[in-house]
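Enquirer: First the structure, which I've put down as structure tokens, then a few questions once you've had a look.
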Amino acid sequence: MSALFRRRWRFFVAVLLALPLAVLGVFVWRSIQNSDWAEPVWDYILTEGLPGTLKVSAAAVVGSALIGVVFGTLMTIKLLPLQALIRLYIEVFRGLPILVTVFIVYFGLPSVNRGLEFGALTAASIALILWGSAQVAEATRGAVQSIPHEQHEAASALGFGWVGRHRFVILPQSLRRLLPPFVSLLVNIVQNSTLAQVIGGLEVLEAAERQNERIAAIPPIGLGEIHAFEIFGGVLVLFFLISFPLTRLAAYLEKRLV
Amino acid sequence: MILAAYDLWAFVSENHEELREGLVNTLKVSAFGIAGAFVIGVVLGAARAHRIPVVSQFTAVYVELIRNTPILVQIFMIFYALPQFGIVFNQFTVAWLAVMIWGGAFNSENFRAGFEAVPYRYREAGYALGFGRLATFLNVTLPIGGRIALPSSINTYISVLKNTSLMYVIGYAELTTTALNISNLTLQTTEALTVLAIVYLTLVWSLSALIRLLESRLALPEAR
């Protein structure tokens, strides 16, 4: 297969990929232009919903990265109880559906101890951190173990202790290898932040759902119109616009760095 | 205090019929979704790996669209948005359709990678033996590429199983919905969540164990 053909084929795919999205986008855009229902709806989704999604995603990414890297590094210590404990943590939170983890944090913890009651967005962030840190820990373990043993020995010879050796020599090298999985994690977390909707946290999907219900209500309260396709289609486009560049970036980094 | 003492056994023995029904529904939806995802994955994966003109581009669009949007929004599209055009499905159909479409997208990537990993000379050997394109695919590419794709495709099936829990949002009575509904009636939240966690972890862990078993059993002879 010639390079020219492949390039043309890729261009063709890109055009075809853009086409249905563009149609959906134009559809949504025209519905915004030609109607009086759309503007307050999108205003609400973008000003009330989007900050919620971004807050949950940011908290979850930072939390998962910090906890995951620490757990993953600790897992390379040859101490059986420690390894078994972290392995259990990883397998449990990767094995549970994230929705069940969300329920455990939001409904389960308060019923065990009243002090552990969280708001919906906080609970969703905690659940995503539990899931994300398990993913990161597994990736970090692999990345740390892929650093050649000579690096450890050289760092020890320079007088570094365990912490200094990992902090200054091993982790900086493994973080390079962790970059692509981090970007994929970011995409997954942004998408899974919609799970906050299930427990009523105000993020993009919940905002869209509230607006959908509001304008579907009988006239004195709402408009009695159903615009579910435009509203949820718009949410779909919004998430695609956030995720697609990031997945491309992850694929690019994977090719560049590995 | 209405909160009862933690009694897992009482919760299970009082509600075992509903819970079993919920588990059966979860498994039913998963089975439909996994079977559909397998067929979609093999067909579209083959189309992409062999660059079949229109189907291949359609697959690329489908895969990117599904992979870059949250499955919850996809469920909302099927359940709330399609009825606007008179397309109404019941909850069970929405449930298996949603996970099937989602799993199919991920699976066609798995199988594409598997089929592309089959060296071209193997296919040339098939043509040299007088096989047509379809016969070469069925006799050469599928058995080899399918085995390469098997572990990653089982990972996708595990995700399909886990994603059936999202059918809570459309009120389909699978395991999560059943357990949560019972706990809303009886306030046995902790017990309900314990049961959920145990059942899901059992299912997921046994499927992961199956991957490891199959990996060693079905590994290609030279990789062993």
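The values are calculated or read from the model by the stated rules, or taken from the named source; none is laboratory data. As the structure is a prediction and not an experimental result, all values here were calculated from the model. Ideal geometry is used to build each Cβ from the backbone, glycine not excepted, and the neighbour counts take in all protein chains shown. SASA here: full protein model, heavy atoms, side chains in, ligands and nucleic acids out. Shrake-Rupley method; radii C 1.70, N 1.55, O 1.52, S 1.80 Å.
Enquirer: Quick check on packing: order B:128-138, A:82-92, A:54-64, B:97-107 by the mean number of other C-beta atoms within 10 Å, highest mean leading. Before the final figure, lay out each step's value.
Expert: On the way: B:128-138: 13.2, A:82-92: 15.2, A:54-64: 20.1, B:97-107: 24.5.
The packing order, highest mean first, is B:97-107, A:54-64, A:82-92, B:128-138.
Enquirer: Would you calculate the separation in nanometres between label points at A:ARG167 and B:SER13, each defined as 7 Å from the Cα along the Cα-to-beta-carbon direction?
Expert: Between A:ARG167 and B:SER13, the simple spin-label model gives 5.6 nm.
Enquirer: Considering the Cα positions of chain B, please state its Rg to one decimal place and its Dmax as a whole number of Å.
Expert: 21.2, 79
Enquirer: Sticking with this structure for a sec: What order, most packed first, do the peptides A:143-150, A:166-173 have when packing is the mean number of other Cβ atoms within 10 Å of each residue?
Expert: Listed from highest to lowest mean packing, they are A:166-173, A:143-150.
Enquirer: Out of A:GLU153, A:GLU203, A:GLU48, any idea which swings most in a Gaussian network model of chain A, alpha carbons joined below 10 Å?
Expert: Most flexible of the set in this elastic network: A:GLU153.
Enquirer: What whole number of Å gives the distance from the Cα centroid of the stretch A:77-132 to the Cα centroid of the stretch A:162-179?
Expert: The two parts, judged by their Cα centres, are 26 Å apart.
Enquirer: Rounded to a whole number, what is D in µm²/s for the stretch B:1-129 from Stokes-Einstein with the Kirkwood radius over alpha-carbon pairs (10 °C, 1.306 mPa s)?
Expert: Reported coefficient: 90 µm²/s.
Enquirer: Moving to a separate point now. Cα atoms only: what Rg and Dmax, in Å, come out for the stretch A:11-129?
Expert: 21.3, 66
Enquirer: Using the eigenvalues of the Cα gyration tensor, what equivalent ellipsoid semi-axes result for chain A when each is taken as the square root of five times the eigenvalue, whole Å, largest first?
Expert: Gyration-tensor ellipsoid for chain A: 41, 28, 12 Å.
Enquirer: Which percent of the accessible heavy-atom area of the protein assembly as shown goes to carbon and sulfur, probe 1.4 angstrom?
Expert: Values: 15670 of 23670 Å².
Using a 1.4 Å probe with all protein chains present, the protein assembly as shown comes out at 66 percent carbon and sulfur.
Enquirer: Compute the separation of the alpha-carbon centres of the stretch B:131-208 and the stretch B:36-110 and state it in Å as a whole number.
Expert: 16 Å
Enquirer: Using the per-residue mean of other Cβ atoms lying within 10 Å as a proxy for protection, in what order, highest first, do the peptides A:206-212, A:225-231 fall?
Expert: Details: A:206-212: 23.0, A:225-231: 20.0.
Taking the mean over residues of other Cβ atoms within 10 Å, the ranking is A:206-212, A:225-231.
Enquirer: If only Cα atoms are counted, what is the Rg of the protein assembly as shown, and what is its Dmax, in Å?
Expert: Cα-based Rg and Dmax for the protein assembly as shown come out at 24.2, 79 Å.
Enquirer: Here's another thing I want to ask about it. When the dipole is taken about the Cα centre of the protein assembly as shown, and only Lys, Arg (+1) and Asp, Glu (-1) are charged at their Cβ, what size is it in debye, to the nearest 20?
Expert: Result for the protein assembly as shown is approximately 2280 debye, rounded to the nearest 20.
Enquirer: Please give the residues from the stretch B:67-98 for which the solvent-accessible area of heavy atoms, probe 1.4 Å, is smaller by at least 40 Å² with all protein chains in place than with the chain isolated.
Expert: Buried by the other chains: B:ASN68, B:THR69, B:PRO70, B:LEU72, B:VAL73, B:PHE76, B:MET77, B:TYR80, B:GLN84, B:PHE85.
Enquirer: Still on this structure: Please average, across the residues of B:189-196, the number of beta carbons from any other chain that are within 10 Å of each residue's own beta carbon, and give a whole number. Can you show the working numbers first?
Expert: Working: counts 8, 6, 1, 4, 10, 2, 0, 7.
Other-chain Cβ atoms within 10 Å of each residue's Cβ, averaged: 5.
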